[in-house]
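A.B. asks: Sharing a structure below in structure tokens format, with a few things to ask.
The values are calculated or read from the model by the stated rules, or taken from the named source; none is laboratory data. For clarity, every value in this text was computed on a predicted model and none was experimentally measured. Neighbour counts are summed over all protein chains in view; Cβ atoms, including those assigned to glycine, are modelled from backbone coordinates with ideal geometry.
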Amino acid sequence: MVKQEKASANRPDNTAFTQQRLPAWQPMLSAGIVIPGFVLIGLAFIGIGVALFVTSRGIQVLEIDYTGVEQNSPCFPCTDQNRKNCVCDVNFSIDTLFQGPVFFYYGLSNYFQNYRKYGVSKDDYQLSGDLSYFKAPSSTCSPYEYDKNNKPIVPCGSVANSMFNDTFKLFQIVNGAKKQVSLDGKGIAWWTDYNIKYRNPSVTPLKNAFNGTVKPLFWSKPAYELDLSDPANNGFINQDFLVWMRRAALPNFRKLYRRITDGDYAQGLPAGNYTLEVSYNYPVLSFGGRKKVVFSNVSWMGGKNEFLGIAYLVIGSMCVFMSIVMLIVYAKFKFPEED
Amino acid sequence: MTHFVSHVSAEEERRVRANDREYNEKFQYASNCIMTSKYNIITFLPVNLFEQFQEVANTYFLFLLILQLIPQISSLSWFTTIVPLALVLSITAVKDATDDYFRHKSDNQVNNRQSQVLIRGSLQNEKWMNVRVGDIIKLENNQFVAADLLLLSSSEPHGLCYIETAELDGETNMKVRQSVSVTSELGDPNNLASFDGEVVCEPPNNKLDRFCGTLYWRDKKYTLTNQNMLLRGCVLRNTEACYGLVIFAGPDTKLMQNSGRTKFKRTSIDRLMNTLVLWIFGFLVCMGVILAVGNAVWEREVGSLFQSYLPWDPPVDNFLFSAFLSFWSYVIILNTVVPISLYVSVEVIRLGHSYFINWDQQMFCSQCNTAAEARTTTLNEELGQVEYIFSDKTGTLTQNIMSFNKCSINGQTYGEVTDPLGPQPKRLDFTPFNPLADPDFCFYDDTLLESVKVGDLHTHEFFRLLSLCHTVMSEEKSEGELVYKAQSPDEGALVTAARNFGFVFRSRTPGTITTIEMGRPVTYTLLAILDFNNIRKRMSVIVRNPEGKIRLYCKGADTVLLERLHPCNHELMNITSDHLNEYAADGLRTLALAYRDLSEDEWEAWSASHRCADKATDCREDRLAAAYEQIEQDMMLLGATAIEDKLQEGVPETIAVLSLANIKIWVLTGDKQETAVNIGYSCKMLTDDMTEVFIISGHTVQSVRQELRSEHVSVLDDVWIEFALIINGHSLAHALEADMETEFVSTACACKAVICCRVTPLQKAQVVELIKKHKKAVTLAIGDGANDVSMIKSAHIGVGISGQEGIQAVLASDYSFSQFRFLQRLLLVHGRWSYLRMCRFLCYFFYKNFAFTMVHFWFGFFCGFSAQTVYDQYFITLYNIVYTSLPVLAMGIFDQDVPDQRSLEYPKLYEPGQLNLLFNKKEFFICIAQGIYTSVVLFFVPYAVLSDATQSNGVPLADYQTFAVTTATALVIVVSVQITLDTGFWTVINHVFVWGSLGSYFTIMFALHSQTLFRIFPNQFHFVGSAQSTLLQPVVWLTIALATAICIVPVLAFRFLKLDLKPQLSDTVRYTQLVRQKKRKPVGRSGRLGARGGSRRSGYAFAHQEGFGELITSGKNMRLSSLALATFASRHSSSWIDTLRRKKHTHAHTPPKHCKTCKICFPFLSLICCLTYFTSTPHFLFLHHIDVFYYNGLVELHLNARSQCFFLLFASQAFFGLPKAQIMLMYL
């Protein structure tokens, strides 16, 4: 007995793991799984596709380009670089009720917010309200770090500097009179951006925090005076600023400007004529960009999105088609032992 | 460091003075301390890092790291490279450190062995490492020799001592060493302490069989040869003690000089991988150039206009410079096409496979208590691609154990095992009859024992011959406990047989042999030993029995012995000759036995002529041979013996399985042609079905060429006929010459079996190199002795048999185990799995990285070629090392397509590896094409969906962070689904890793996007809140699902169709295994392999060298103690190979049903029926399948889905117009 034990002293352990005999599930792409699977996936995709397509069809979208490239367009005069505080009126009409809540976007095209150097050109410490970075912004902000007089720029960097500064007022023409549509600018930014990512320095009044700094070069008013109507909507937690700072992934993008949720227009924009009063400040023609405003309402799946529904329908039908092809093939060339 | 110095100043000659350390220290000879380790604690870090950065890949990543530190270029944070790099470096460092730790341990163990050194006249215990050149050390029996020693004196007479050199050269025969006569007289330590001779000899070298030097002592010169040397690594045997002078120590010893650095072996997958990595680098540069050109164009056309919002960096002043920087930036972000984790993952997988080899119980030999060992961890997948096996014979195919199996006495044959199917014959028990019998001896035929007992004269004379005619030495430790020490195992077997049948060889003196014949002690006077040599192929003794009669006993090869018989033996000779043929046909080694009575006069006359020849100074050998020839005439035939050269367990089966797997086996042996051919037959490499067995044994270039040519012609004539080639060493030397090489290779490779006999170790390596060069095939060499080391080292894979012979082969090998039959498991199971896993791993790995990286390329066209990454930098850092590493590792380590028994049952499954089908350039391109396709989908689907999409609260989804999170999530999900498709064997580990990786992705992402981390490092975690706000959106999930479907559905369809249209054998086997759950029939076990026809072959059994004849007669060795011959009881394992062969023909005997599938198809088919009906499309398309479906499905269905079945019945009747009766008939 002792000898036996000694003889097998080097014997490897007899466990399922060491002997590679772990119980295992060994799936196989058998016809019984693949073909019904394809049918199921196909049907599910077709179902979702139909739902998406129908939903998307129900969403209303109105796009108005106001860049002013064409001579006859209302904003053409404002494209002159020398005109300051140019205001132009863009008229449009709505045939049927535009179901509320209506969302009001501005859009830019050929605009590269996703350029790498542009994206990093900001100072996160500064934007989170760290006063020491007010005095000495991070070098990532270069060249919008200091102004000519070597005063620190707050908020620094390309992103902040290039903030979109056209403003809009919407009027409904009711019996020839302009009735202002009230626009709601609250909560248009991400919750985390507003509550966590961007903080104002805890200095009251906010203005004092900006002592010794200058506003970004392209800005007409300092950060602490972005919204004169609401003192809480200033500094780095100004909603428009936050929307701008969340940079777009693609060169053609739109950003939420306002919601139309209040008062008479809570149910939507009734049919009729409207005037959009644009305070035209933001130059885009030099690089071939376009500006537009978009009105849209949403469904459970968000805004209008025809691609998704169509893609689902196509993939779903292809799955069903493939399952038929596979069934035919399977019937013709079955597994060899069945011969 | 002393040995270092001695290496540098090339030593021209070595001077050693005994007992004079001061004198010897002048020369700074290496001490006896050996050091195989590479590092110590202080040097480890710098040296190891230096070594690691010699790897191109590591340097490349270091270069990337430096690039990332340049702010203008850095498109990614430095940690994306340093984290994986540090991980890889530290894993490798840990592995190196562990390896070195074990080397330190084994060094220490060897260095701290004790030896007795003569210091200042007294013996003191010293560690081996403290032994110096010039010391005199004492060795005791069974001790390892500590250094290369000059033998000074020994306890045995004449300064003889016996050593076993197995560890050094692999030979198990004991060797005799003798000291120079002047020193042998010194004897005891007191005299030796005053010995002050000086040895002048050659510098250290690695020639094991040569030494030349001179001993100067007391103004006299003595020539020293290898005969006086004891080399490190040998073991002292049968010698009580001896003293030796240390000549070479430590690294200078011949053992260490021979263990040169092993050549670093790479697998073909390695080489392919390196080529592919270079291609990928080329591809990377191309991508970089394309994107840089894009950047130049963009900066010129768009960027320059966009400068008011996005000014160029201060150092950038024009678009060309920007493009230049952009190139490097893209090199950084696209470098993940060749991630650093590739190399470390490959190593981890190989390590895992090596452990599985080490752990395999079925490759554990309980007799020798050794498990298989993967000594090299980097070659596993090549085990799945072997095409040629070069095998040694002795000790590898055979056990080198001889057993007395059959004999023919006076025309009567004994030892035939009656019926292989009948009851196992009982082993004879000799003890009651003969107390001196060897209990390990096996014999089954009791008629022979009966014949001895009844006192048959021929039988008695037969065994008397066996007990007298040999050069075996005996030792009797205690009364009746005899141990024979034979120079060749054959002789031992014969003497042992005689011992058991009542003719016990008990002891000998130079002039006498004492035996116990049937319990009665008899002493014969030994008059002469006519020793064996290779030309004579026989040996004789002349003895005078107690009655005074002189008789010559002779045993030898039948070919030579039968010629020298008296003519009256004619009839007996014919019968015996037939018996010999039978034995030879069974693969046994045969000897014929004869005697001759000599009269006193004849003896006197011959004795005189013999003395005369013996004393001759010129041509002594020839004269002796002539004298022997003279007396070995007119002999009377006694019979013949047949000795089984026991094959290792399962050798014929293994060879058959391996050749079914299309592996060609060549036997390369130093043994004689006859023996090699015999073994060839007994292990079924050669069969009588073979049309022709060519033997090439020409001695000249012309004759070899001619032989080769003629055979080449006949081989080419008919490819369907099986040929075998046997070539001799001297012919091989010619065949390996440059101009004949190709001819030889083409002929040899057309033959089914090739046996090279009488080859030198160097020739073995040459043959391997030849095949490597001409066939571009993966070669494996297997052997057990030191003579196999060269071939083991030169083959792609070297396997050492860790058996009875030394450990040289094992030390040089990449894999070692103790039985040849484990080779089939190593190749067909472990090798095949390793290859499969590695290929699947590589395919998937390249796929996942292309899918991951190429997204950046597409994004480049939309972000001004600014080297903006699509993903978060943490995702880029962790993708390869956390999110996707473990599932693919689990697949690479644990995947199985078919279970191990199936791999052995269907050796054809091995073929894809040999043809390199699973991973080659084509497969690689398919993988990267799939990767690129996936990347296109992963970029453009989110692009198309998200560009206009908004959240349900109206906030647009097209911001960069949402896009990044969506793409990254889709990527992780797609590659996870892909790995689930690729994994064929889902153990619990795979589940944990796959689900764990997915889980870790979400967990880590939520953690990185959490407020907590952001509050601590606001400038590092920009993505705060992105995960939650993105992944809450249904559109995002719809996008991910869409992208996944577009990526996976075509793959799924393609795989299914491929499985249906062009199934691989492994698919079929897997299918059978999984779906049928067919029980494997237990394989019947039967006795010996079937008998073969009797083509005449003959073998004879003697060792290669001359025997100890001269030593015996001179009486020099008469205190020789004995060597225990281990006899392993070994069974002949069953010949299930016949079953296997039958299986090959009746491959498909599985019932032609596929019930499960049909069951699942059932509702679907019903649906199709309805559709067909309603749309009135022609339905004959489905008719075929429906029919099949009936037959296959109905029986299954009626048990569990009766109602459905009825539905189908009616449906079919309605739609296809089948008569109801017929359907009912089918149903019933």
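A.B. asks: Filter the stretch A:123-155 down to residues that are of a type in the set (Lys, Arg) and either touching a residue at least 12 places away in the same chain (Cβ under 8 Å) or in contact with a helix residue (DSSP H, G or I) (Cβ under 9 Å, 6 or more places away or on another chain) (or both), then give me how many there are.
C.D. replies: Here the count works out to 2.
A.B. asks: In addition: Residues that are surrounded by fewer than 19 Cβ atoms within 10 Å (Cβ to Cβ): list the strands (runs of 3 or more DSSP E) wholly contained in the stretch A:33-123 that include at least 3 such residues.
C.D. replies: Per the criteria, A:61-65, A:86-94.
A.B. asks: Separate question: Would you confirm whether any residue within the stretch A:302-322 is of a type in the set (S, T, N, Q), over 27 Å from residue A:87 (Cα atoms), touching a Ser or Thr at 6+ places or on another chain (Cβ under 6 Å) and at the interface with another protein chain (Cβ under 7 Å from one of its Cβ atoms)?
C.D. replies: Yes.
A.B. asks: Which one of the conditions (1) under 28 Å from residue B:857 (Cα atoms); (2) of a type in the set (Val, Ile, Thr); (3) not in a helix (DSSP H, G or I) does residue A:173 fail to meet, given that it meets all the rest?
C.D. replies: The one condition residue A:173 does not meet is (1).
A.B. asks: Would you confirm, using the coordinates I've provided, whether residue B:782 is touching a residue at least 24 places away in the same chain (Cβ under 8 Å) and not in a helix (DSSP H, G or I)?
C.D. replies: yes
A.B. asks: Restricting attention to the stretch B:948-966, does a residue exist that is on the phi < 0 side of the Ramachandran plot, more than 12 Å from every other protein chain (Cβ to nearest Cβ) and either part of a helix (DSSP H, G or I) or at pLDDT 90 or above (or both)?
C.D. replies: No: the stretch B:948-966 contains no residue that is on the phi < 0 side of the Ramachandran plot, more than 12 Å from every other protein chain (Cβ to nearest Cβ) and either part of a helix (DSSP H, G or I) or at pLDDT 90 or above (or both).
A.B. asks: Which one is nearest to residue A:122 (Cα to Cα) among residues in the stretch A:174-188 that are more than 8 Å from chain B (Cβ to nearest Cβ), among the aliphatic types (A, V, I, L, M) and buried (at least 16 other Cβ atoms within 10 Å of the Cβ)?
C.D. replies: By that ranking, first place goes to A:183.
A.B. asks: Quick one: residue A:82 ticks every box in (1) within 11 Å of another protein chain (Cβ to nearest Cβ); (2) more than 30 Å from residue B:901 (Cβ to Cβ) except a single one, so which number is it?
C.D. replies: Going through (1) within 11 Å of another protein chain (Cβ to nearest Cβ); (2) more than 30 Å from residue B:901 (Cβ to Cβ) one by one, residue A:82 breaks only (1).
Residue by residue, here is whether (1) within 10 Å of chain A (Cβ to nearest Cβ); (2) part of a helix (DSSP H, G or I) holds:
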site	(1), (2)
B:945	yes, yes
B:970	no, yes
B:977	no, yes
B:994	no, yes
B:998	no, yes
B:1007	no, yes
B:1018	yes, no
B:1023	yes, no
B:1035	yes, yes
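A.B. asks: How many residues does the stretch B:389-418 contain that are part of a loop (DSSP other than H, G, I, E, B) and without any contact (Cβ under 8 Å) to a residue 60 or more places away in the chain?
C.D. replies: Here is the first cut: in the stretch B:389-418, the residues part of a loop (DSSP other than H, G, I, E, B) are B:392-397, B:410-411, B:415-418.
In the following step, the residues that additionally are without any contact (Cβ under 8 Å) to a residue 60 or more places away in the chain were identified as B:416, B:418.
Number of matching residues: 2.
A.B. asks: Go through A:268, A:288, A:212 for me and flag whichever is within 14 Å of chain B (Cβ to nearest Cβ), in contact (Cβ under 8 Å) with a residue 12 or more places away in the chain and either surrounded by fewer than 16 Cβ atoms within 10 Å (Cβ to Cβ) or of a type in the set (Lys, Arg) (or both).
C.D. replies: Exactly one residue qualifies, and that residue is A:288.
Listed here are the residues, each with its yes/no results for (1) hydrophobic (A, V, I, L, M, F, W, C); (2) part of a strand (DSSP E or B); (3) in the same structural domain as residue B:589 (by the TED database).
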site: B:474; (1), (2), (3): no, yes, yes
site: B:483; (1), (2), (3): yes, yes, yes
site: B:495; (1), (2), (3): yes, no, yes
site: B:499; (1), (2), (3): no, no, yes
site: B:504; (1), (2), (3): yes, yes, yes
site: B:510; (1), (2), (3): no, no, yes
site: B:523; (1), (2), (3): no, yes, yes
site: B:528; (1), (2), (3): yes, yes, yes
site: B:533; (1), (2), (3): no, no, yes
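A.B. asks: Return the only residue of B:693, B:651 being at pLDDT 85 or above and either of a type outside the set (Val, Ile, Thr) or buried (at least 17 other Cβ atoms within 10 Å of the Cβ) (or both).
C.D. replies: Step by step, each of B:693, B:651 is checked, and only B:651 is at pLDDT 85 or above and either of a type outside the set (Val, Ile, Thr) or buried (at least 17 other Cβ atoms within 10 Å of the Cβ) (or both).
A.B. asks: Right, another one. Is there any pair linking a residue in the stretch B:488-499 that is touching a residue at least 40 places away in the same chain (Cβ under 8 Å) to one that is part of a helix (DSSP H, G or I), with Cβ under 6 Å and at least six apart or on different chains, and which?
C.D. replies: That search, which allows pairs on different chains as well, returns B:494/B:466.
A.B. asks: Next up: Could you please tell me which pairs satisfy a Cβ distance under 8 Å, a separation of 6+ or placement on different chains, a first residue in the stretch B:875-892 that is in the same structural domain as residue B:986 (by the TED database) and closer than 21 Å to residue B:78 by Cα, and a second residue that is modelled with pLDDT of 90 or more and not in a helix (DSSP H, G or I)?
C.D. replies: B:876/B:869; B:879/B:871
A.B. asks: If you don't mind, there's one more thing I want to ask. Looking for whichever is part of a loop (DSSP other than H, G, I, E, B), more than 8 Å from chain A (Cβ to nearest Cβ) and either in contact with a Leu (Cβ under 9 Å, 6 or more places away or on another chain) or crowded, with 22+ Cβ neighbours inside 10 Å (or both) here; the options are B:939, B:919, B:924. Which one fits?
C.D. replies: Going through B:939, B:919, B:924 in turn, the sole match is B:919.
A.B. asks: Residue B:584 - would you say it is in the same structural domain as residue B:567 (by the TED database) and in a strand (DSSP E or B)?
C.D. replies: So residue B:584 fails the test.
A.B. asks: Further question: Does residue A:240 fit the bill of being of a type outside the set (S, T, N, Q) and surrounded by fewer than 19 Cβ atoms within 10 Å (Cβ to Cβ)?
C.D. replies: Taking the combined requirement at face value, the residue does not satisfy it.
A.B. asks: Which helices (runs of 4 or more DSSP H) sit wholly inside the stretch B:611-722 and have at least 2 residues that are free of Cβ contacts under 8 Å to residues at least 12 places away in the same chain? Don't jump to the end; show me each part of the working.
C.D. replies: Details: elements: B:620-631, B:651-660, B:673-682, B:701-717.
Answer list for the stretch B:611-722: B:620-631, B:701-717.
A.B. asks: Related question: Just for the stretch A:197-209: of the residues that are of a type outside the set (D, E, K, R) and crowded, with 18+ Cβ neighbours inside 10 Å, which one is farthest from the chain's Cα centre (by Cα)?
C.D. replies: So in the stretch A:197-209, the residues of a type outside the set (D, E, K, R) come out as A:198, A:200-206, A:208-209.
If we keep only those that are crowded, with 18+ Cβ neighbours inside 10 Å too, we end up with A:198, A:200-201, A:206, A:209.
On the way: A:198: 18, A:200: 24, A:201: 27, A:206: 29, A:209: 31 Å.
In this case the residue turns out to be A:209.
A.B. asks: Oh, and also: Mind telling me which of the residues B:714, B:731, B:710 ends up being surrounded by 22 or more Cβ atoms within 10 Å (Cβ to Cβ), among the polar types (S, T, N, Q) and at pLDDT below 90?
C.D. replies: Every option except B:731 fails the conditions.
A.B. asks: Can you find a residue in the stretch B:825-835 that is in a helix (DSSP H, G or I), within 13 Å of chain A (Cβ to nearest Cβ) and surrounded by fewer than 24 Cβ atoms within 10 Å (Cβ to Cβ)?
C.D. replies: yes
A.B. asks: For the stretch B:785-802, name all the residues that are in a loop (DSSP other than H, G, I, E, B) and hydrophobic (A, V, I, L, M, F, W, C).
C.D. replies: Selection gives B:795 alone.
A.B. asks: So, of the residues in the stretch B:292-305 that are assigned to a helix (DSSP H, G or I) and within 12 Å of another protein chain (Cβ to nearest Cβ), which turns out to be nearest to residue B:932 (Cα to Cα)?
C.D. replies: Ranking the candidates gives B:295 first.
A.B. asks: For the stretch B:44-159, give me every one of the helices (runs of 4 or more DSSP H) that falls completely inside it and has 3 or more residues that are more than 30 Å from residue B:881 (Cα to Cα) and not small (Gly, Ala, Ser). Break it down into steps so the answer makes sense when it comes.
C.D. replies: Details: elements: B:44-52, B:56-68, B:79-111.
The helices (runs of 4 or more DSSP H) meeting that bar are B:79-111.
A.B. asks: Yes or no: the stretch B:370-388 includes at least one residue that is assigned to a strand (DSSP E or B), within 26 Å of residue B:593 (Cβ to Cβ) and either touching a strand residue (DSSP E or B) at 6+ places or on another chain (Cβ under 9 Å) or touching a residue at least 60 places away in the same chain (Cβ under 8 Å) (or both). Walk me through how you get there before you give the answer.
C.D. replies: Just the residues of the stretch B:370-388 that are assigned to a strand (DSSP E or B), to begin with: B:370, B:373-374, B:386-388.
Those still in the list that are within 26 Å of residue B:593 (Cβ to Cβ) too: none.
Within the stretch B:370-388, not a single residue is assigned to a strand (DSSP E or B), within 26 Å of residue B:593 (Cβ to Cβ) and either touching a strand residue (DSSP E or B) at 6+ places or on another chain (Cβ under 9 Å) or touching a residue at least 60 places away in the same chain (Cβ under 8 Å) (or both).
A.B. asks: Touching a Ser or Thr at 6+ places or on another chain (Cβ under 7 Å), at pLDDT below 90 and within 14 Å of chain A (Cβ to nearest Cβ): which single residue out of B:341, B:308 fits that description?
C.D. replies: B:308
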